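Visitor: Here's a structure for you.
Where a number appears in this text, it was derived from the coordinates with a stated rule and is not lab data. All of these numbers come straight from a predicted model, not from anything done at the bench. All Cβ positions, even for glycine, are placed from backbone atoms using ideal geometry, and neighbour counts span all protein chains on display.
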Amino acid sequence: MPARKPFAPSTRHVQLLRALLAAFAALMVTFSPDHSASVGLSVFSGWAIATGVVLGLGAWMVTRAGHRTVPTLLALAYIFAGMAAGITGARGAALYFAVIPIWAVIAGALETGMGVSQRRRGDRVVARDTLTIGVLTLVIGVATLLVPSGYALDYFIEDAGRTFTLTGEIIAVGLFGGYAAIVAVFLAIAGLSPASSELEPTTAASTSGPDTRTPEDRP
């Protein structure tokens, strides 16, 4: 009986764990009846800290030596942002509209830069995934900055028989929920897709092997 190969963590495992955490965050925002900044910060805090831990483990267990600085800084950006969002006494619109954009700009820039470095090293598939998440993170930061924190719009729903208020907090928290959902789906697909390194040997074998066709079969 052949010996079982030892478990070796890979980029796929990091992607799938990130996808799972993002899915939880998206579900918590989507199904929460309260979309206030306080709730948004609570969800973001747990998600960011957990994601930072996953990224930190990935930086040291998956990333090759000599290329760990930026992944480690990315992990720290998530952890510190999550800790800042977890300051219970300061949870409110002001903290939300400060923490989310700052985290998004820093983390998005780091992940985008990491994707550029991966592309230069020839890791095209991983670079594509990293760049996509980096750009999405930058977009959520800019989008949050464009939402007026003091925005309020009253609207009446006849079937409910009451007036509701759409606030800047609700819009901003909803943006984060949408971002988390997109990240979850994208990283899940990336983590479950066959790696290019697994496909290359098959392709090479099919093109470099001896031609065993008969003369009648050859073009």
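Visitor: With each pseudo-label sitting 7 Å past Cα toward Cβ, what's the Asp34-Val53 distance in nm, one decimal?
Guide: Going from the Asp34 label point to the Val53 one covers 2.4 nm.
Visitor: Let me ask something else about it. Per-residue HN-Hα couplings for the range 84-98, Karplus 6.51 cos²θ - 1.76 cosθ + 1.60 at θ = phi - 60°, whole Hz, x for Gly and Pro?
Guide: Each residue of the range 84-98 in turn: 5, 5, x, 5, 4, x, 9, 5, x, 4, 4, 5, 4, 6, 9 Hz.
Visitor: When the Debye formula is applied to the Cα atoms of the range 36-189, each taken as the same point scatterer, what base-10 log of I(q)/I(0) results at q = 0.13 Å⁻¹?
Guide: Treating every Cα as an identical point scatterer, log10 I(q)/I(0) equals -0.63.
Visitor: In whole angstrom, how long is each semi-axis of the equivalent ellipsoid of the range 65-129, when you take the square root of 5 times every eigenvalue of its Cα gyration tensor and sort them from largest down?
Guide: Working through the eigenvalues yields semi-axes of 30, 12, 7 Å.
Visitor: Could you tell me the relative contact order of the range 1-160? Use alpha-carbon pairs under 8 Å, at least six residues apart, and round to a whole percent. Before the final figure, lay out each step's value.
Guide: Numbers: 171 pairs, mean separation 30.5, N = 160.
Across the range 1-160, relative contact order equals 19 percent.
Visitor: Plugging the Kirkwood radius over Cα pairs into Stokes-Einstein for the range 61-101, at a temperature of 20 °C and a viscosity of 1.002 mPa s, what D comes out in µm²/s? Write out the running numbers ahead of the final one.
Guide: Numbers: Rh = 11.8 Å.
Rounded to a whole number, D works out at 181 µm²/s.
Visitor: Sticking with the crude label model, points 7 Å out along Cα→Cβ, report the distance from Val125 to Ala8 in nm, one decimal please.
Guide: Placing both labels 7 Å along Cα→Cβ, they lie 1.5 nm apart.
Visitor: Still on this structure: In nm, to one decimal, how far is the modelled label at Leu27 from the one at Arg68, with both set 7 Å along Cα→Cβ?
Guide: Roughly 3.3 nm, to one decimal.
Visitor: Just in the range 1-76: which chymotrypsin sites (Phe, Trp or Tyr not before Pro) are loop by DSSP and have at most 16 other Cβ atoms within 10 Å?
Guide: Values: sites: Phe7, Phe24, Phe31, Phe44, Trp47, Trp60; in loops: Phe7.
Qualifying residues, ordered by number: Phe7.
Visitor: Give the Cα extents of the range 1-101 along the principal axes, in whole Å, largest first.
Guide: Reported extents, whole Å, longest axis first: 58, 31, 18.
Visitor: If R0 is 35 Å, what FRET efficiency do you get for Val116 and Leu145 from their C-beta distance, rounded to 0.05? Let's see the in-between values first.
Guide: Working: r = 24 Å, r/R0 = 0.68.
The calculated FRET efficiency here is 0.90.
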